[in-house]
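Asks: This is the structure I want to talk about, given as structure tokens.
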Amino acid sequence: MMKGRCFSIVFLLAFHPVLSERFHVFVPEDPIVVVVDEDVVLECQLVPDISLDNLEIRWFKLDSDSPVHLYTDGQDRPDVQDKAYQGRTELFKDEFLRGNASLKLKRIKTSDEGSYTCFVDSKTYRDEAVINLKVEGFGHRPWVHLEENKKKGLRVVCKSDGWYPEPEIWWEDGNGQDVTTQSEWEFLKDSKGLITVQSHIDITSDSVNKFSCFMGNRLLSKRREAHVQISDEFFPKVNAWLITFWVVAGLVIMAIAADVIVHRKEDKMIQELQLFCTLEGYDEVEVDYVSVTLDVETANPELEVSEDLKSLRWTQTWRSLPDTGKRFTHRSCALGSEGFTSGRHYWEVKVKGNRGWSLGVAAESVERKDGVSLIPETGFWTIERVGDQFYINSSPGSRLPVGQIPGKVGVYLSFESGTVSFYSADTKSHLHSFTGNKFTEKLYPFFWIWDENQFLRICSGSDWIRERGGA
């Protein structure tokens, strides 16, 4: 009897290591929701909480051979890691003794959304569990502005960026009635996969004079809103007894207006001619045709800068670069190397074939880590192309009518007069000017690109001289 007991004890001790290696992997059942650019922890726990030091931990999405993160043989394996996650993942190794296999995923992108598998292998036993990650972008507060409706009346335009996924949009009039069915909208993606939404609603003289625009994120249960009150001056009420008077007076007014329009067009042509003469150096004040180069210490880690510091390309691949304190990390932006505190300066940028860019100047103190609107109030004086549309980045913003899509854009800065102007260098035509500014700090050439595999190319001063027939 005693021999039987001894045999049982020896048998259990011999198989105890195998039995102790059996475990189960547990993850939260509910999806984890995280906002773009934030960090998130994908929780994964072994039960019982055995040590993970000598086990394999493999996190992956669809393909286990291209892991999001791999830990094996006592070390991380970044050499086999999916390139999209390099430099953005981390295990909690100080928690390995408690069976914590959770993964920290940094600087969340919209492309990170999906199902992640936590796989643990002890060579004699293995288990896995799947956790769902939802990525959200809660956009900026919409801004609204009025445009002329080509048919009749006015158009109220509501625009906001930084959303993911596409937000819900609805409109209400001043009486609280839902008028969403009268609206139209469009969605555009930026370099981070975030969505810019623009919606509009056409109004006429018989409409109410107040409208509210709402945009909401379903998962976050949050919304943004903007309101506009339309002055009666846009739709004046005319008494019946005035109709006869205005019919007669209208003919006189139309004749005067036609004469004014003709003279205004002539004045505008003269002003543009004078401005181009100025840019060509035919006045007493010299214009600096600056040879701009890119400052690599400001370039977003997803940007590729050419060796001659003249070209910029968006790669969509985040590189681990030292934090210079000057680097843009929220948008794929970069600044020029040289800043200006006085004088008049002009440079040109080739944009042909590129459908996603923004150009202009930026103040030295602008925000570079977080997303802000690229408007003068935040230190940016820029225009941008989104698809086939051009926009003036101001508050409120507006669409920039462009007859011929420019292949080369000229940027002109006059520091003392507070002017930043843009030109189509192909057609020698004026695009837009920011005027009346009081610059108080150093300004730098600004570049933002989000059209994949396309380039922004800064022209050199010698190129302009040859094109203009100089020496």
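The values are calculated or read from the model by the stated rules, or taken from the named source; none is laboratory data. All of these numbers come straight from a predicted model, not from anything done at the bench. Cβ placement follows ideal geometry from the backbone for every residue including glycine, while neighbour counts extend to all protein chains displayed. With ligands, DNA and RNA removed, areas are computed over all heavy atoms of the protein, side chains included. Shrake-Rupley method; radii C 1.70, N 1.55, O 1.52, S 1.80 Å.
Asks: Collect the residues in region 424-450 that are in a loop (DSSP other than H, G, I, E, B), at pLDDT 85 or above and in contact with a Phe, Trp or Tyr (Cβ under 8 Å, 6 or more places away or on another chain), keeping them in residue-number order.
Replies: Narrowing region 424-450 to residues in a loop (DSSP other than H, G, I, E, B): 425-428, 435-442, 450.
Still in the list and also at pLDDT 85 or above: 435-442, 450.
The answer is Asn437, Phe439, Lys442, Trp450.
Asks: Just the residues that are in a strand (DSSP E or B) and farther than 18 Å from Cys333 by Cα, please, taken from region 391-420.
Replies: Result: Ser398, Arg399, Lys408, Gly410, Tyr412, Leu413, Ser414, Thr419, Val420.
Asks: If you scan region 34-68, which residues turn out to be in a strand (DSSP E or B), out of contact with any His (no Cβ under 6 Å at 6 or more places or on another chain) and over 18 Å from Arg88 (Cα atoms)?
Replies: Scanning region 34-68 gives Gln45, Leu46, Glu56.
Asks: Would you pick out the residues in region 105-142 that are outside any strand (DSSP E or B) and more than 21 Å from the chain's Cα centre (by Cα)?
Replies: Ser122, Lys123, Thr124, Tyr125
Asks: Another question, then. With respect to Arg344, determine if the residue is touching a helix residue (DSSP H, G or I) at 6+ places or on another chain (Cβ under 9 Å) and on the phi < 0 side of the Ramachandran plot.
Replies: Yes: the conditions hold for Arg344.
Asks: Something else now. May I ask you to say which residue of Gly371, Gly339, Gly353, Gly343 is surrounded by 14 or more Cβ atoms within 10 Å (Cβ to Cβ) and over 28 Å from His140 (Cβ atoms)?
Replies: Exactly one of Gly371, Gly339, Gly353, Gly343 is surrounded by 14 or more Cβ atoms within 10 Å (Cβ to Cβ) and over 28 Å from His140 (Cβ atoms), namely Gly343.
Asks: What are the pairs with Cβ atoms under 8 angstrom where one residue, in region 381-407, is under 21 Å from His140 (Cα atoms) and modelled with pLDDT under 90 and the other, located anywhere, is of a type in the set (Ser, Thr, Tyr) and open to solvent by less than 30 Å² (accessible area, probe 1.4 Å)? Sequence gap at least six, or different chains.
Replies: Once the first residue is under 21 Å from His140 (Cα atoms) and modelled with pLDDT under 90 and sits in region 381-407, its partners that are of a type in the set (Ser, Thr, Tyr) and open to solvent by less than 30 Å² (accessible area, probe 1.4 Å) give Asn393/Ser358; Asn393/Thr382; Gly397/Tyr391; Ser398/Tyr391; Arg399/Tyr391.
Asks: Working only within region 1-49, note down all residues that are modelled with pLDDT of 90 or more, more than 30 Å from Arg107 (Cβ to Cβ) and out of contact with any Leu (no Cβ under 8 Å at 6 or more places or on another chain).
Replies: Val47, Pro48
Asks: Looking at (1) assigned to a strand (DSSP E or B); (2) in contact (Cβ under 8 Å) with a residue 40 or more places away in the chain, which is the only condition Tyr71 fails?
Replies: Result: Tyr71 passes all but (2).
Asks: Name the single residue that is surrounded by the fewest Cβ atoms within 10 Å (Cβ to Cβ) among those in region 105-122 being more than 19 Å from Thr317 (Cβ to Cβ) and in contact with a Leu (Cβ under 8 Å, 6 or more places away or on another chain).
Replies: By that ranking, first place goes to Ser115.
Asks: Please determine whether any residue of region 89-104 is modelled with pLDDT of 95 or more, surrounded by 13 or more Cβ atoms within 10 Å (Cβ to Cβ), of a type in the set (Val, Ile, Thr) and over 27 Å from the mean Cα position of the chain (by Cα).
Replies: no
Asks: Name every residue in region 355-376 that is of a type in the set (S, T, N, Q) and modelled with pLDDT under 90, in order of residue number.
Replies: Across region 355-376, the qualifying residue is only Ser373.
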